[in-house]
Each structure stands twice: as structure tokens, then as C-alpha cells.
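This report refers to the structure that appears directly beneath it.
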Amino acid sequence: MRSRSQLSHAFLLVACALVGVWAPLAHAAQPRVLVLEQSGAPKGFLVALQIQLSGLAQPERHIVAPAASAAEAIERASQLVRDQGALAAVWVDRGPAEGGGPVVAYVVGDRQGRALIEVVRVPGDRGPELERTTALKIRELVAAMLRGQAARAEAGQLLQTEGRPPTAAGPSGAEEQLPVAAQPSAAQSSAALPNEQPDEPPPTAPGWTAFASAGIRLGSQPDLGLGRWGFGLGAGPVLDLRQFRLAVALGFDAFPSIEVERAGNSARFWEWTVGAALHAQMQSGPLWLGARAGPQLVGLEAHGTTRADTPGNAAPTSWALSLGLDAEVPLTRFVSLLAGMQLQALARHLHLDVNDDELVDLGRVRARVGLELTARF
């Protein structure tokens, strides 16, 4: 029993260590986008960028002093991009708080000693929705810059293969340059400059996706407390409705065998659960907060021996209702970490008796906690 407990603790430590090491490495491999903000600025825009650039680039906050003019701010941002080796620097000019007008987002990159500047006019009232819209616009521009880098790298490899020296030309032979624009006048009503082309549908557009998950479980049981380790698998379709997700989650949980003994009678058993649940999630900052409910079928597979060495087998089952709450945090664009807790209510009392001596009692209401990695497609 002690060795099994030690093995369970070692498994948990290894799983946590893998997540702790893998997540920073995944972020480190992404290009950085410097988010230039003044001291004391609210972090709503940074959080919105972290969500929209997930899997594409890594936002990194930098505190800067106010600039005397837009030209000075652009020059300072371009120098900072060169010094930091970043993909771009972004900031937002919100104008007077009482004005209620549009905000202007600046994206400044650097390639071969010259600044690449894009200015986007975003209309809308101040608040979380404006932060999200601005972050979506910046995602489109960052994706365009990454595509330009990939095209230049491919063109350079092609020229080297043909024996010609690489140039600064893009794939069409003309030097690629993001549009340079001054701050638009109030007469302009478009949400972006005329030559801005979105690279792809916004990641929050409604549509069907799917998920698959795997992780560890910790379950309660009378006489054993919160002491049973197991594993769980899940998968199912997801309807993504911008900041709300609705999924049908199919799952399988298993708790490895354990041996109990009382008054010379012994039994070894393991437990399994299959079920389905309706899982609803709502986005709150970088987190997805969720609730789920659904039916389950719970079963035992047991082998018992009496004090007279008489063997016996049993496989009782019971329907159950599961209710749970969880929180999910994205690690990359496609992978996230989900932690949750569930209450499981069995329709009938599951227990194992040997010679009228009760050895195993599953109870009627039990707790489950879990930690799992979730992949979304």
C-alpha cells in the first residue's frame, strides 16, 4: 500500500513538472510583441492581447514614459524593437477619456533598419469590447508580419538554391512594406485603413470545433477519504460562440485496483466510470469558467477471498448524476490546462460484502477533483 501511495505522489509530481517546464518553452518559441504602456495603465488591453495572440506571438508589457509626439513615439518604439529583437511594438492612443471617440492603435516593426508602421482607427465605446476589438485588429497585423517573414525566408532559400544572392525583395520581386499612415481624420468612418486585409476569420467567430483531454483524478471514498488516484480521458464536439462555448463531453475514468482486508476476509477491486455531460464555459479575462452536468455509469470489478480461502467475484454497477465546476487557462492556441471538481450522486448504494462482512462501501455522494491537459482542434 505504501509503495502504491509513493508511486501516485511521484506520478503527480512528474505531471506537474512536465506542465511547468513545457509551458515556458512553448512561449519562448513564439515571437515577442512589446506592449508599450505608461505606468499605472489598466491591464485590460494586455489581457485581451494575450488571448487573441495565443499560439501566434507572446505579448510582453513594457512601461514607457509619455512621448511628446507620435513621431517620437514611433522612433522610440522602432529602436526598442531592434534592441529587444522583438517582432513588433504596439500601443494604443485612447485620446481624452471624456471624448468618447475612436482609439488609434499603432503597430511598429523593424526590418533591415527601417520602420514598418501601421495605424488603425478603431471605433467604439470604452470598455472590454473595445479592448477585444483592438486586440483582434492587432492580431491581423501581427499575422501579416509573420507571413511576410515566412515568405522572405522562402524566397531567400530559393535564391540561394539558384545561386543568386538574397535580396530584400518579397516573393513578387517588389519590396514588401506595411502601409504608413498618419492618424486618420474624424471624417473617416472605416474601422481600419482601406488597404488593410484581414488574414483569417477572427478566432472567436462562431463555429464547430472539437476537444480531447487526458489527466489525473483524485477521488473520495468512505474509509479511504480523498486518497484514490486515477486517470481520465475525454473528447467531444464544441460549439464556439465567441465568448461562450457549449460542448458534449464524453468521458472515461478509471481508478486502479486496491486491496482491502477485514477480519481475515479480503477483496481487491478497481472502479470505472463512463458518462456524458453537457459542458458550458464562459470567458472571463484569460480564463474559461465552466459548469457541467450529465449521467454516468459506475462499476466495480472485484475479486474477494474469505478467511477460509474461498474465492468469489462481483461486478456491481449503478447509474449516477455528476455535477461539476471547472476553470481552464490556455497555454498555447490549441492546448490548455483545466482544473475541476465534481460531485457524483449514485442511484443505488454500491458495496461489496464477504461473509456478510462489508469490505468496500462506495457511498452515495462522492467528490472528484481533476487536472488535465486539453487539446482543441
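Taken together, the values in this text are just the output of simple stated rules run on the coordinates, not laboratory data. Because the structure is predicted, anything quoted here is derived from the model rather than measured. Here the Cβ positions follow ideal geometry from the backbone for every residue, glycine too, while neighbour counts run over all protein chains shown.
Structural remarks
- Applying 1/(1 + (r/R0)^6) with r as the Cβ-Cβ distance of Leu233 and Arg307 and R0 = 56 angstrom yields a FRET efficiency of 0.90.
- Residues Ala68 and Thr209, FRET efficiency given R0 of 51 Å [Cβ-Cβ distance, rounded to 0.05]: 0.60
- Computed E for Phe252/Met282 - FRET, C-beta separation, R0 30 angstrom, nearest 0.05: 0.70
- Applying the Karplus relation 6.51 cos²θ - 1.76 cosθ + 1.60 with θ = phi - 60° to segment 40-52 yields 3J(HN,Hα) values of x, 5, x, 9, x, 5, 5, 5, 4, 5, 4, 6, 6 Hz, where x marks Gly and Pro.
- Computed on segment 206-376, with alpha-carbon pairs under 8 angstrom and 6+ residues apart, the relative contact order is 21 percent.
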